[in-house]
Amino acid sequence: MSGNVGGRSLDRRHFLGGGLAGAALLGAAACRGAPSGNGGGGNGGGGDGGGEVSLSAMWWGEASRSEMFAEAVELFAGQHEDVTINSEYSGFGGYFDKLATRVAGGNQPSIFQLHAVSMGDYVSRGVVRELDDLLADPLGLDTLPDYVKDSCTFDGSFMLVPLGLATAPAMVVNTAVLERLGVDLPPADWTFEDFGALVRAVNAADSEMFGSVDASAKFVAFEHFVRSREQGANLFTPDGEIAFTVDDATEWFATWEELRADGAVPPMETTSAAQGFEADPMVTGLAAMTMAASSKGIEGHQRLVEDQLALFQFPTRNVEASLLAPVEWFALSADLSDEEARVAAEMCHFILTDTEAMSTVELHHGVPLFEEGREFLRAEIDTPVVQQIFDNVDEVAATDPWARVSYPAGMGSQIADLMRRTGEQIGFGEVSVEDGSAQFVEDAEQLAAEA
């Protein structure tokens, strides 16, 4: 019998289904026997009369991860005979094109996955349902700390369901390489000065080994750099204006330019070509450490590296500023009836708090939101990598982190692209650090004004 943590219990029976149907393994699962059709499914014929409720859910993820999440959805549907959930999932590439097409056609899924870059855009379109009336019951999320709830809130309304937590960004270190070269591990509270000294020491000990990847074009890394300037700092103000300066950008890009010149990080030719886990310079043996967008990224790297990897917080400027935030969110469609929205919220609550569902999903969406759930999974998945992820979350939680100010609508993807272009232009020598930094801030201000 599955249990429940973090809130109100649901009546439960064992789900006796024999696993995912063949269609689910190909990318779509229709729970409770509904025909999968094209793999999607509209909001369907549930609603106000207390009868059958039909919902559709859409998310992204690599095949194994998506199949595990689909199993958790099936667990919920299997315990609610009058609920049908048509699940559709695919890889990340193409997901948002497909979602945008569905939304534009007035056929958005009942429940759909968003990330930090996209959520402001979809909330601003009016296609996401407000959740204030469901926050305490049935979602059971009213007791979350403010730094989590704030990341789900727009204009004072709770809008999105967080699926799990992770720290962001993070550094993943190949400890065997450092040991072989006689270079000490970094301190837990390391600064960018510590980082620079360590990566230079690696290259000094082995001229064919870079100390780290080059993160100069990574938006999430620059965000951390800005946040660590002072307590409470963020990339944007609550009014949607940029909150970083030309000095911030110049210091950031100059730091990496100097490291490239010293041979401590790879040249931009190598960095720009290294896309995905498999091509990461640490994975290919060119670098001693790499950056992960969040702490759960260490799992992907560890699967590809025989040496034991270690997880560290990203280096800081002046104050510890790691985000402890949701990795991904579920949005509920604004088109749902009250009954459909409540059932959708029940499903979210089940996946977040049911022990069998948590065992199925594992850490694919981050660590559980509630301490009881974290304790359960920490004992359930006793591997060195997973224990490091839990330890890292505990460490950052103890620093009383502050929430990210949500990216203005449309700004997340645009400023990330702007950061990538600027970092590459500087790295390839097409523009100076000073000119590139000034243009970056000017362009960012223009984007914010147009958002």
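The values are calculated or read from the model by the stated rules, or taken from the named source; none is laboratory data. Values in this document were obtained by computation on a predicted structure and should not be read as measured data. We place every Cβ from the backbone using ideal geometry, glycine too, and count neighbours over all the protein chains shown.
Would you mind stating whether ASP382 is closer than 26 Å to ASN234 by Cβ and not assigned by TED's automatic domain parsing to the domain that holds ASP194? Spelling it out, it is not the case that ASP382 is closer than 26 Å to ASN234 by Cβ and not assigned by TED's automatic domain parsing to the domain that holds ASP194. The listed residues are ASP335, ASP394, ASP354, and the only one of them that is at pLDDT below 95 and either in contact with a His (Cβ under 8 Å, 6 or more places away or on another chain) or among the charged types (D, E, K, R) (or both) turns out to be ASP394. The set of residues in segment 337-374 that are touching a Pro at 6+ places or on another chain (Cβ under 9 Å) and either assigned by TED's automatic domain parsing to the domain that holds ILE298 or assigned to a loop (DSSP other than H, G, I, E, B) (or both) comprises HIS365, LEU369.
If you take the residues in segment 344-369 that are over 21 Å from ASN86 (Cα atoms), in contact (Cβ under 8 Å) with a residue 60 or more places away in the chain and polar (S, T, N, Q), which one is surrounded by the fewest Cβ atoms within 10 Å (Cβ to Cβ)? Filtering first and then ranking leaves THR355. Given the criteria buried (at least 22 other Cβ atoms within 10 Å of the Cβ), within 19 Å of ILE415 (Cβ to Cβ) and modelled with pLDDT of 95 or more, does PHE225 qualify? Spelling it out, PHE225 is indeed buried (at least 22 other Cβ atoms within 10 Å of the Cβ), within 19 Å of ILE415 (Cβ to Cβ) and modelled with pLDDT of 95 or more. Is it the case that segment 306-314 has a residue that's touching a residue at least 40 places away in the same chain (Cβ under 8 Å), in contact with a His (Cβ under 9 Å, 6 or more places away or on another chain) and under 21 Å from GLN113 (Cβ atoms)? No, the conditions are met nowhere in segment 306-314.
The helices (runs of 4 or more DSSP H) located wholly in segment 150-255 that include 3 or more residues which are within 30 Å of LEU332 (Cβ to Cβ) occupy 219-227. Does at least one position in segment 326-336 carry a residue that is assigned by TED's automatic domain parsing to the domain that holds ALA72, surrounded by 20 or more Cβ atoms within 10 Å (Cβ to Cβ), under 30 Å from GLU241 (Cα atoms) and more than 17 Å from the chain's Cα centre (by Cα)? Yes, segment 326-336 contains a residue that is assigned by TED's automatic domain parsing to the domain that holds ALA72, surrounded by 20 or more Cβ atoms within 10 Å (Cβ to Cβ), under 30 Å from GLU241 (Cα atoms) and more than 17 Å from the chain's Cα centre (by Cα).
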